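Structure record follows, encoded as structure tokens.
Values quoted throughout were computed directly from the atomic coordinates according to the rules given, and no laboratory measurement underlies them. Please read all numbers here as calculations on a predicted model, not as lab measurements. Neighbour counts run over all protein chains shown; Cβ positions are idealised from the backbone, glycine included.
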Amino acid sequence: MKFAVLRFPGSNCDQDCLRTLRDSFGVTATAVWHKETSVADYDVIVIPGGFSFGDYLRCGAIARYSPVMTAVREAAQKGVPILGVCNGFQILCEAGLLPGALVRNRGLHFICRHVHLRLENNATPFTNLGSVGQILRIPIAHGEGCYFADEKTLDALEQDGRVAFRYCDADGAITAEANPNGSVRNIAGILNTQGNVLGLMPHPERACESRLGSDDGRLLFASLMESALHTVS
């Protein structure tokens, strides 16, 4: 089982993802430069956080044109699991692999702290080891993490079970106070129509060891590996 971790100019969470995958889970994880044109050798693709191309124009707006993204689109069509974290979520939206957009936080400030998430769908490659309603404690670190989409898109996401995670309080209640950035309907992560592409603003790779304040992020990577094993077999 092999994981590709994409690397763009300005990526700064690629090393976090590589270390987590290699050291915490013992899997093969390789950094893939944005100018590469193939990801055919990998079972899972991770698009990490950071500030790709300095966030010029818009977050992820330039990265979407990198050569590797053509290969990512092809992989998505073939059903390869693709996880976009923070800036990776922004890139996926800019590339049209996920609907909607990430805009400036409600308070116009960069936010870096732990938040609570409620798992909304466990029938996905990213969440199959979890339970619907399960509460995770995961850190965020973003200035443009407010998810926005029109009502038609939001209703489709809800109807199809493509809202994977919502911001909630410690008891799982979906409240305005628990929403750190103003995302519509407290949405923290969404899926594509096939269910193999997940965009998530919080950073699960930073929550895989208890000494970091939480190991709840392990759920996503363990679920991915479980899914990849079944796919490979």
Next on the checklist: Considering only residues that are charged (D, E, K, R) and either free of Cβ contacts under 8 Å to residues at least 12 places away in the same chain or surrounded by 20 or more Cβ atoms within 10 Å (Cβ to Cβ) (or both), which ones fall in region 65-106?
Outcome noted: Glu74, Lys78, Glu94
Item to check | Test result for Asn128, in contact with a Lys or Arg (Cβ under 9 Å, 6 or more places away or on another chain) and polar (S, T, N, Q) | outcome: no
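Being closer than 30 Å to Phe110 by Cα and out of contact with any helix residue (DSSP H, G or I) (no Cβ under 6 Å at 6 or more places or on another chain) is the filter here; which residues of region 54-72 pass it?
Here is the first cut: in region 54-72, the ones closer than 30 Å to Phe110 by Cα are 54-69, 72.
Matches in region 54-72: Gly54, Asp55, Tyr56, Leu57, Arg58, Tyr65, Ser66, Pro67, Val68, Met69, Val72.
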Item to check | region 144-175, residues that are surrounded by fewer than 19 Cβ atoms within 10 Å (Cβ to Cβ) and either touching an Asp or Glu at 6+ places or on another chain (Cβ under 8 Å) or hydroxyl-bearing (Ser, Thr, Tyr) (or both) | outcome: Thr153, Gly161, Asp169, Thr175
Next on the checklist: Among the residues in region 176-183, are any surrounded by fewer than 21 Cβ atoms within 10 Å (Cβ to Cβ), polar (S, T, N, Q), touching a strand residue (DSSP E or B) at 6+ places or on another chain (Cβ under 9 Å) and assigned to a loop (DSSP other than H, G, I, E, B)?
Outcome noted: no
Checklist entry - What tally of residues in region 3-45 results from selecting those that are touching a Ser or Thr at 6+ places or on another chain (Cβ under 8 Å) and over 19 Å from Gly217 (Cα atoms)? => result 9
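Looking only at region 51-64, filter to residues that are surrounded by fewer than 24 Cβ atoms within 10 Å (Cβ to Cβ) and in contact (Cβ under 8 Å) with a residue 24 or more places away in the chain; which one of those is nearest to Pro202 (Cα to Cα)? Explain how you work it out, then say what you get.
Step one: of region 51-64, the residues surrounded by fewer than 24 Cβ atoms within 10 Å (Cβ to Cβ) are 51, 53-58, 61-62, 64.
Adding the requirement that they be in contact (Cβ under 8 Å) with a residue 24 or more places away in the chain leaves 51, 53-55, 58, 61, 64.
Working: Phe51: 15, Phe53: 20, Gly54: 20, Asp55: 18, Arg58: 19, Ala61: 20, Arg64: 20 Å.
Selected residue: Phe51.
I need the full set of residues from region 26-36 which are touching a strand residue (DSSP E or B) at 6+ places or on another chain (Cβ under 9 Å) and assigned to a loop (DSSP other than H, G, I, E, B), in order please.
Looking only at region 26-36, we keep the residues that are touching a strand residue (DSSP E or B) at 6+ places or on another chain (Cβ under 9 Å), and these are 27-34, 36.
Listed by number, the residues that qualify are Val27, His34, Glu36.
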Checklist outcome for this item: When (1) among the β-branched types (Val, Ile, Thr); (2) buried (at least 24 other Cβ atoms within 10 Å of the Cβ); (3) more than 21 Å from Asn181 (Cβ to Cβ); (4) in contact with a helix residue (DSSP H, G or I) (Cβ under 6 Å, 6 or more places away or on another chain) are applied to Thr37, the one that fails is (2)
